[in-house]
1. Determine, yes or no, whether THR46 is in contact with a Phe, Trp or Tyr (Cβ under 7 Å, 6 or more places away or on another chain) and either modelled with pLDDT under 95 or among the polar types (S, T, N, Q) (or both).
2. How many residues are touching a His at 6+ places or on another chain (Cβ under 8 Å) and among the hydroxyl-bearing types (Ser, Thr, Tyr) when one looks only at segment 1-47?
3. Could you please find all residues in segment 26-42 being part of a loop (DSSP other than H, G, I, E, B), surrounded by 13 or more Cβ atoms within 10 Å (Cβ to Cβ) and within 9 Å of the ligand (Cβ to nearest atom)?
4. Residues being within 17 Å of CYS3 (Cβ to Cβ), more than 8 Å from the ligand (Cβ to nearest atom) and either assigned to a strand (DSSP E or B) or among the polar types (S, T, N, Q) (or both): count how many of those fall in segment 44-55.
5. Please work out if ARG49 is surrounded by fewer than 12 Cβ atoms within 10 Å (Cβ to Cβ) and not polar (S, T, N, Q).
6. Suppose we keep only residues that are among the aliphatic types (A, V, I, L, M) and either loosely packed, with under 13 Cβ neighbours inside 10 Å or not in a helix (DSSP H, G or I) (or both) within segment 1-20. Which one would you say is nearest to the ligand (Cβ to nearest atom)?
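The values are calculated or read from the model by the stated rules, or taken from the named source; none is laboratory data. Everything numeric here is computed off the predicted structure, so don't read it as measured data. Using ideal geometry, Cβ is built from the backbone for each residue, glycine included, and neighbour counts are taken over all protein chains shown.
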Amino acid sequence: MACQKNPYPNQYLALRALNAILAAGKQGKQPARAYPCHECHRWHLTSKRLTGKLPKWEQKLSRS
Ligand SMILES: [Zn+2]
């Protein structure tokens, strides 16, 4: 089944799109983070809050 969400080819582009959306400052639901999709193997944005520890793809980011 195809994903309904907007796909981004990699984490960098997903985060860049996320920042652009936040910078636009529209009202309503805002995406909060990017995550890799198991269905289409690309990246999507989600407005879900993080619960628990950082996912491993974000740990990789902050370690650099
Ligand atoms: Zn997907």
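1. Yes: the conditions hold for THR46.
2. Going through segment 1-47 one residue at a time, the tally reaches 2.
3. CYS37, CYS40, ARG42 - these are the residues of segment 26-42 that are part of a loop (DSSP other than H, G, I, E, B), surrounded by 13 or more Cβ atoms within 10 Å (Cβ to Cβ) and within 9 Å of the ligand (Cβ to nearest atom).
4. Filtering segment 44-55 down to residues within 17 Å of CYS3 (Cβ to Cβ) leaves 44-48.
Next, only the ones that are more than 8 Å from the ligand (Cβ to nearest atom) stay: 45-48.
Those left that are additionally either assigned to a strand (DSSP E or B) or among the polar types (S, T, N, Q) (or both): 45-47.
Counting residues in segment 44-55 that are within 17 Å of CYS3 (Cβ to Cβ), more than 8 Å from the ligand (Cβ to nearest atom) and either assigned to a strand (DSSP E or B) or among the polar types (S, T, N, Q) (or both) gives 3.
5. Details: surrounded by fewer than 12 Cβ atoms within 10 Å (Cβ to Cβ): yes; not polar (S, T, N, Q): yes.
Against the criterion (surrounded by fewer than 12 Cβ atoms within 10 Å (Cβ to Cβ) and not polar (S, T, N, Q)), ARG49 qualifies.
6. Result: ALA2.
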